[in-house]
Amino acid sequence: MLERIQKKYHYAMVVFKELVKTDFKLRYQGSFLGVVWSALKPLMLFAVMYVVFVKFLKFTDGTPTFPISLLCGTSLWGFFSEATSMSMHSIVDRGDLLRKVHFPNYIVVASTTMGSMISLGINLAVVILFGFFAHAQYTWRILLVPFSIIQLYAVTLGFALILATMFVYFRDIAQIWEVVLQALFYATPIIYPISMVQNNPEFSWAAGLLMLSPTSQAIMDIRHNLLSPQYVPTVWDIVHNPLVCLIPYLLSAVILGVGIMVFRKYSAKFAEVL
């Protein structure tokens, strides 16, 4: 019995690794710069946002680390957006493979998100490198960053499993998720500092509400611990009730749990529906 489980686990890991390698290669197949786009794309997006929102619209908190914080936030959001959007199509795109080869369906979704994680790793390496020239404050708190990245990945995987399941049955979910992503982007303090909301008398109450989103909390935690403990606040700095501060962490676990439950419930019929 134990040997059978070990063989099944080994087979699943082999399939997972091959899918990750294949997905990552296909992303840049035929492009001249190839994997370089993993770092170049967020840098180009950062340049546009910096000129438009920081230089022209003055979306800045005036701290020396805001530009590198903006680059970091852009990279982290790019991971969440890319991983959920690509994973949503993963089951449908791999329909032929699912009908021919027997392996756990969740591997298809997980491999897609892991491909985005590789891109995020490249992006964060660029962020750290730029941070040496952009007043980043590297402290012992950098050791806490992996925990926040794991949390962000858990949230992303939870959404990815839900979206991949729904897309098999309802293709319109792609259009809906595109709008939801846009709303979530503006509800996450990436292009604007959270202090802009805090210092606005009419909307100061919204600062705490924005920080209760798992994506906002995780991104702010990573920026705080990686780049600037002095200038980047976390949910613990904005919401002064410790029990309320736990909400985004609990929501992360709930989203992942719901994603696993939904996927398990409907995955057995994927091959039949496709």
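The values are calculated or read from the model by the stated rules, or taken from the named source; none is laboratory data. All values derive from a computational prediction rather than experimental measurement. Glycine gets a Cβ as well: all are built from the backbone with ideal geometry, and neighbour counts include every protein chain shown. Only protein heavy atoms, including side chains, enter the accessible area calculation; ligands, DNA and RNA are left aside. Shrake-Rupley method; radii C 1.70, N 1.55, O 1.52, S 1.80 Å.
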Next item on the list: Order the peptides 41-48, 118-125 from the highest to the lowest mean number of other Cβ atoms within 10 Å of their residues.
Entry: 118-125, 41-48
Notebook entry, point to check: Check LEU246: other-chain or 5+ apart residues with amide H under 5 Å from its amide H, H built from backbone geometry?
Noted result: none
Next item on the list: Compute the long axis of helix 214-226 from its Cα atoms, compare it with the longest principal axis of the Cα atoms of the chain, and write down the angle in degrees, 0 to 90, nearest 10.
Entry: 60 degrees
Next item on the list: Kindly rank 154-162, 77-85, 242-250 from highest to lowest mean number of other beta carbons found within 10 Å of each residue.
Entry: 154-162, 77-85, 242-250
Check: Between the helical axis of 247-266 and the dominant principal axis of the chain, each derived from Cα atoms, what acute angle in degrees is found, rounded to the nearest 10?
Finding: 20 degrees
Item checked: Accessible heavy-atom area order of MET220, MET166, highest first, probe of 1.4 Å -> MET166, MET220
Note to self: Run the count for the chain, please: Lys pairs, Cα-Cα under 27 angstrom, 8 or more apart or on different chains.
What the structure shows: 25
Next item on the list: For every helix of n ≥ 4 consecutive DSSP H residues, a contribution of -39,500 (n - 2.57) applies; sum these over the chain, divide by its total residues, and give [θ] at 222 nm rounded to the nearest 500 deg cm²/dmol.
Entry: -23000 deg cm²/dmol
Note to self: Can you compute the modelled spin-label distance between TYR138 and VAL180, with each label point 7 Å from Cα toward Cβ, in nm?
What the structure shows: 3.8 nm
Margin query: Can you compute the label reach from VAL244? Point 7 Å from Cα along the Cβ direction, backbone N cut-off under 11 Å, restricted to segment 199-223.
Written below: 205-212
Check: So between GLU202 and LYS58, what do we pick up on full extension, going 0.36 nm a residue minus the alpha carbon distance?
Finding: 49.9 nm
Note to self: Give me the extension gain from HIS89 to LYS17: residue separation times 0.36 nm, minus the current Cα-Cα distance, reported in nm with one decimal.
What the structure shows: 24.0 nm
Margin query: Taking loop as defined by DSSP and a crowding limit of 15 other beta carbons within 10 Å, which trypsin sites (Lys or Arg not before Pro) in segment 139-225 fit?
Written below: ARG171
Notebook entry, point to check: Cα-based Rg of segment 126-274 per 2.2 N^0.38 Å, rounded to two decimals?
Noted result: 1.21
Notebook entry, point to check: Which angle from 0 to 90°, rounded to the nearest 10, does the C-alpha axis of helix 173-186 make with the longest principal axis of the chain?
Noted result: 20 degrees
Note to self: Calculate log10 I(q)/I(0) of the chain for q = 0.07, 0.09, 0.10, 0.17 Å⁻¹, where I(q) comes from the Debye formula with a single equal point scatterer on each Cα and nothing for solvent.
What the structure shows: -0.28, -0.46, -0.56, -1.39
Check: Over all pairs of distinct alpha carbons, what does the Kirkwood formula give as the hydrodynamic radius of segment 197-274, in Å?
Finding: 14.6 Å
Next item on the list: Calculate the length of the line joining the C-alpha centroid of segment 105-172 to that of segment 60-91, in whole Å.
Entry: 9 Å
